[in-house]
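For reference, the structure is listed below as structure tokens.
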Amino acid sequence: MANEATLARAAAPSPVPAAVLLRTLRKPWLIAALAALAVVLAWNATGTTPAAFTHLWRWLPALLRGLWVNIEISVLAVALGTAVGLVIGALSLSPVPAVRVAMRCYVQIFRNAPILVLIYFTTYVFPFEVSIVQWTFPFPDWVKVVLGLALPTSANVAEIFRGAIQSIPSAQWEAAQSLAFRRSQIFRLVVLPQCVRRMLPPWMNLYASITMSTSLASLVGVHDVVDTAQIASNTVARTDFTILVYVALLVLFFAYCYPIARATRALERQHETR
């Protein structure tokens with residue numbers, strides 16, 4: 001009986017491990033095949049005609065120019081938010097209790113505030129024009145969107161920076177102090193290089209998230225890729241084209257953000273092996 005049970009277990013198909021399944025799903029060719037299948041199914045389900053693809057081809061340069069606006073906004077917002085967030089993250093470790101509490105309040109407020117609310121906040125709080133002496137300068141809407149996205153970026157970067165510093169073992173601080181390093185030297189030569197490696201993967205994830213959030217800029221009058229898609233949909237006035245142009249938006253954002261996600265995973269694996 002025992003031999004029969006052993007033979008039955010050997011003949012039974014072994015289950016596919018979850019890790020193998022996840023590695024298979026991460027393969028680029030499989031993702032491309034699934035995306036192509038989704039496009040074919042959407043085409044059949046919505047009755048998309050070749051004429052809709054002709055209109056999409058005509059509007060594609062305008063969509064790409066609109067996507068470039070989104071990329072510019074995301075780069076500026078993340079650059080500004082990173083600069084401010086590094087300062088706030090350092091101050092959140094200040095020995096002064098009042099400074100620590102103030103920085104923690106800033107981080108908690110802007111990390112948990114909806115991004116759309118922050119964009120509307122900066123849009124209506126800041127003026128449409130700025131007067132300096134006798135000169136008047138416009139304050140464009142895209143700058144307000146940059147500021148609105150920089151607020152949650154700075155809060156998240158501050159938390160990432162604080163966590164990276166606190167993850168450095170205290171033994172490294174003590175070893176550097178025993179070698180007569182000053183505190184500034186310890187931070188610059190020992191702590192900061194390790195923090196950069198630990199911060200880079202979550203920072204890249206944050207950038208991808210902010211890039212996708214730039215699609216909200218069209219709600220406050222910025223002529224980005226979403227606004228371009230709405231204009232194209234209203235101009236052509238075809239249901240199949242409307243569906244197709246928003247599928248194109250998904251593809252454009254995916255094509256830009258997916259390599260960032262892959263690079264992030266590669267950096268995380270590299271950090272785990274060290």
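Structure values in brief
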read-out: Cα centroid of segment 212-274 to Cα centroid of segment 130-156, whole Å; value: 24 Å
read-out: Vicinal HN-Hα couplings computed from phi for segment 92-99 (Karplus, 6.51 cos²θ - 1.76 cosθ + 1.60; Hz; Gly/Pro x); value: 5, 9, 5, x, 7, x, 5, 5
read-out: Å² per residue, accessible surface of segment 76-180 at 1.4 Å; value: 55 Å²
read-out: Whole-Hz ³J(HN,Hα) from phi, Karplus 6.51 cos²θ - 1.76 cosθ + 1.60, for segment 134-141, glycine and proline x; value: 10, 9, 10, 10, x, 10, x, 5
read-out: Per-residue HN-Hα couplings for segment 250-257 [Karplus 6.51, -1.76, 1.60; θ = phi - 60°; Hz; x = Gly/Pro]; value: 4, 5, 5, 5, 5, 5, 7, 8
read-out: Carbon and sulfur %, accessible surface of segment 153-263 computed with the full protein complex present, 1.4 Å; value: 64 percent
read-out: Distance from segment 161-180 to segment 109-123 (C-alpha centre basis), Å; value: 35 Å
read-out: Difference of contour (0.36 nm per residue) and Cα-Cα distance, residue 64 to residue 109; value: 12.7 nm
read-out: Heavy-atom accessible surface of segment 63-138: percent carbon and sulfur, 1.4 Å; value: 75 percent
read-out: Spin-label pair residue 170/residue 246, simplified geometry with 7 Å Cα→Cβ offset, distance in nm; value: 5.5 nm
read-out: Å² per residue, accessible surface of segment 195-274 at 1.4 Å; value: 51 Å²
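The values are calculated or read from the model by the stated rules, or taken from the named source; none is laboratory data. Everything numeric in this text was worked out from a predicted model, so none of it was measured. Note: ideal-geometry Cβ built from the backbone for every residue, glycine included; neighbour counts use all protein chains shown. Side chains included, ligands, DNA and RNA excluded: accessible areas come from the protein's heavy atoms. Shrake-Rupley method; radii C 1.70, N 1.55, O 1.52, S 1.80 Å.
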